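As structure tokens, the structure follows; a few thoughts come after it.
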Amino acid sequence: MVLELTFVVLKPHVVKVPSISKEIKNIIIRNGFLVIRSKEKILNPNDLQMFYGEHKNKFFYNRLISFMSSGPIEAYVLARENAIHKWRELMGPTRVFEAQFSAPDTIRGKFGLTDTRNATHGSDSTESARREMSILFPDFDPIQWLKTNENHFRGDGEKLSENISSFL
């Protein structure tokens with residue numbers, strides 16, 4: 001299988017509680033993800049308009065923008081085989097009520113508060129992952145990274161250990 005990249009955000013209410021943020025980071029590592037890039041940032045209106053542009057005319061847009069700019073987020077580029085599908089599986093359903101009842105052991109089932117404050121974001125496709133990465137990691141080229149680094153990350157246990165210790 002081919003190594004795949006995905007884009008992940010830990011939302012402000014999760015970042016405000018270090019024990020929850022750390023637990024999610026442990027979930028990331030336990031599930032075989034490599035952390036390629038990471039950043040903590042308070043999102044500005046320009047970032048948010050680019051990131052959530054497809055939701056602009058939806059009823060929840062203003063609430064989402066307000067919440068996502070309420071405090072720092074943690075953004076990650078993660079890698080592993082089938083990364084997008086695996087991360088979405090770990091997150092659980094978008095709707096927190098559904099996650100709490102049908103998938104209580106997922107990240108959203110455990111840490112989601114409302115549909116807006118559902119703990120995490122994860123890209124739904126390779127295309128959206130690349131677009132989202134470009135907003136928060138503008139100098140990162142995912143295609144070039146894969147070409148240059150995939151074999152190195154696949155076979156280098158020392159690099160993996162270094163990756164885990166710097167992340168946690």
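Scanning the stretch 6-65 for residues that are at pLDDT 95 or above, in a helix (DSSP H, G or I) and among the hydroxyl-bearing types (S, T, Y) yields S19, S21. Summed over the stretch 24-70, residues that are surrounded by fewer than 15 Cβ atoms within 10 Å (Cβ to Cβ) and either of a type in the set (S, T, Y) or free of Cβ contacts under 8 Å to residues at least 60 places away in the same chain (or both) total 20. List every residue pair whose Cβ atoms sit under 7 Å apart, with the two residues 6 or more apart in sequence or on different chains, where the first one lies in the stretch 100-113 and is part of a loop (DSSP other than H, G, I, E, B) and the second, anywhere, is surrounded by fewer than 21 Cβ atoms within 10 Å (Cβ to Cβ) and of a type in the set (V, I, T). Qualifying pairs under 7 Å: G112/V96; L113/V96.
Among the residues of the stretch 78-89, how many are in contact with a Phe, Trp or Tyr (Cβ under 6 Å, 6 or more places away or on another chain) and open to solvent by less than 10 Å² (accessible area, probe 1.4 Å)?
The qualifying residues number 1.
Just name the residue that is farthest from A83 (Cα to Cα) out of those in the stretch 1-58 that are acidic (D, E) and touching a strand residue (DSSP E or B) at 6+ places or on another chain (Cβ under 9 Å).
Of the stretch 1-58, the ones acidic (D, E) are 4, 23, 40, 47, 54.
Cutting the leftovers down to touching a strand residue (DSSP E or B) at 6+ places or on another chain (Cβ under 9 Å) gives us 4, 40, 47.
On the way: E4: 5, E40: 21, D47: 24 Å.
Among them, the one singled out is D47.
Quick one: in the stretch 90-124, which of the residues that are under 16 Å from the mean Cα position of the chain (by Cα) and surrounded by fewer than 17 Cβ atoms within 10 Å (Cβ to Cβ) is nearest to V15 (Cα to Cα)? So the residue we want is T116.
The values are calculated or read from the model by the stated rules, or taken from the named source; none is laboratory data. Note that the structure is a prediction, hence the values are computed from the model and not measured. Cβ: placed from backbone, ideal geometry, glycine included. Neighbour counts: every protein chain shown. Side chains are part of the model used for accessible areas, which takes the heavy atoms of the whole protein and leaves out ligands, DNA and RNA. Shrake-Rupley method; radii C 1.70, N 1.55, O 1.52, S 1.80 Å.
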